[in-house]
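Reviewing the structure listed below.
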Amino acid sequence: MNWQLILDSVGPIALGGLTGTIPLTLASFALGLLIAIGMALMRISGSAVLSGIARVYISIIRGTPMLVQLFVIFYGMPQIGITLDPWPSAIIALSLNVGGYAAEIIRAAILSIPRGQWEAGAMIGMSRGQTLARIVLPQAARVSVPPLSNTFISLVKDTSLTSVILVTELFRVAQRIAAPSGEFLTVYLVAAAVYWVICFVLALGQDSVERRLDRYAV
């Protein structure tokens, strides 16, 4: 085991996580969550057209590998005249992927809220939209936090796939360090350790948030 290489590579790889992996994860998750909310509302809208569009979108996203989605956007789109840089391509692909998976989580959370909550909103003069925004969604948010947190943590690891479209993130930095020396095992183990630390810290944060939300559980 090359301990000097480990010491020399920890800093750059960790920096790649801070400047690449984490910003990419945050941007993609935020945009993906907006997509997911829209798709979830379309699924429960009662409109056959909107529900059908959401079903098709979710089916395509969940039925195709993320790596293929990345390749379609970065390498495929230029063939129809749409050329994107690596970072926008990565954010779009990751966001669409998160949207497809998180949509079903949010839909299930909304449907888990008792129908009496809708009726209570109607009784005090709220429209269906107001009831959804002020009563149902806040309760659904608490229910959906654990699975959405798991999606967020998984996204941290999935960002490593963006190295194939030349995005400079944690794993891409590790590849650059390993290539000249040929010490792939050592460097990739360091990268794995950095990923584990990031996910471990996020898991601790998830536990803290869940404990706080449990105080408001009925």
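Looking at the range 9-37, which of its residues are free of Cβ contacts under 8 Å to residues at least 24 places away in the same chain and surrounded by 15 or more Cβ atoms within 10 Å (Cβ to Cβ)?
P23
Tell me which residues, restricted to the range 133-169, are surrounded by 17 or more Cβ atoms within 10 Å (Cβ to Cβ) and free of Cβ contacts under 8 Å to residues at least 24 places away in the same chain.
Those that are surrounded by 17 or more Cβ atoms within 10 Å (Cβ to Cβ) and free of Cβ contacts under 8 Å to residues at least 24 places away in the same chain: I135, S163.
Quick check on R128: is it closer than 30 Å to R211 by Cα, surrounded by fewer than 17 Cβ atoms within 10 Å (Cβ to Cβ) and basic (K, R)?
No: the conditions fail for R128.
Does the range 117-131 contain any residue that is closer than 22 Å to L33 by Cα and either in contact with an Asp or Glu (Cβ under 6 Å, 6 or more places away or on another chain) or among the β-branched types (V, I, T) (or both)?
yes
I'm checking my understanding of the structure. Among residues of the range 116-126 that are of a type outside the set (G, A, S) and either in a helix (DSSP H, G or I) or in contact with a strand residue (DSSP E or B) (Cβ under 8 Å, 6 or more places away or on another chain) (or both), which one is nearest to L41 (Cα to Cα)?
The residue in question is W118.
So, F200, is that one among the aromatic types (F, W, Y) and in contact (Cβ under 8 Å) with a residue 60 or more places away in the chain or not?
Judged against the criteria, F200 is not a match.
Restricting the range 77-91 to residues that are of a type in the set (A, V, I, L, M, F, W, C) and in contact (Cβ under 8 Å) with a residue 24 or more places away in the chain, which is surrounded by the most Cβ atoms within 10 Å (Cβ to Cβ)? Steps first, please.
Kept after step one, since they are of a type in the set (A, V, I, L, M, F, W, C), are these residues of the range 77-91: 77, 80, 82, 84, 87, 90-91.
Subset that is in contact (Cβ under 8 Å) with a residue 24 or more places away in the chain: 87, 90-91.
On the way: W87: 18, A90: 27, I91: 21.
For the range 77-91, the residue satisfying everything is A90.
Starting from the range 62-76, take each residue that is without any contact (Cβ under 8 Å) to a residue 40 or more places away in the chain and list its partners that are of a type in the set (A, V, I, L, M, F, W, C), counting only C-beta distances under 7 angstrom and pairs at least six apart or across chains.
Hits for this filter: Q69/A93; Q69/L96; I73/L84; I73/I92; I73/A93.
Is there a residue in the range 59-73 that is in contact with a Phe, Trp or Tyr (Cβ under 7 Å, 6 or more places away or on another chain), crowded, with 20+ Cβ neighbours inside 10 Å, closer than 20 Å to D158 by Cβ and not aliphatic (A, V, I, L, M)?
No, the conditions are met nowhere in the range 59-73.
Would you pick out the residues in the range 42-52 that are of a type in the set (A, V, I, L, M) and touching a residue at least 60 places away in the same chain (Cβ under 8 Å)?
I44
Restricting to helices (runs of 4 or more DSSP H) lying wholly in the range 1-115: which have 1 or more residues that are within 15 Å of the chain's Cα centre (by Cα) and among the aromatic types (F, W, Y)?
On the way: elements: 3-16, 22-43, 48-63, 66-71, 86-111.
Fully inside the range 1-115 and qualifying: 22-43, 86-111.
Among (1) within 19 Å of A133 (Cα to Cα); (2) in contact with an Asp or Glu (Cβ under 9 Å, 6 or more places away or on another chain); (3) not hydroxyl-bearing (S, T, Y), which single condition is G38 missing?
Unmet for G38, out of (1) within 19 Å of A133 (Cα to Cα); (2) in contact with an Asp or Glu (Cβ under 9 Å, 6 or more places away or on another chain); (3) not hydroxyl-bearing (S, T, Y): (2).
Values quoted throughout were computed directly from the atomic coordinates according to the rules given, and no laboratory measurement underlies them. What you see is a predicted model; the values in this text were computed from it and never measured. Neighbour counts are summed over all protein chains in view; Cβ atoms, including those assigned to glycine, are modelled from backbone coordinates with ideal geometry.
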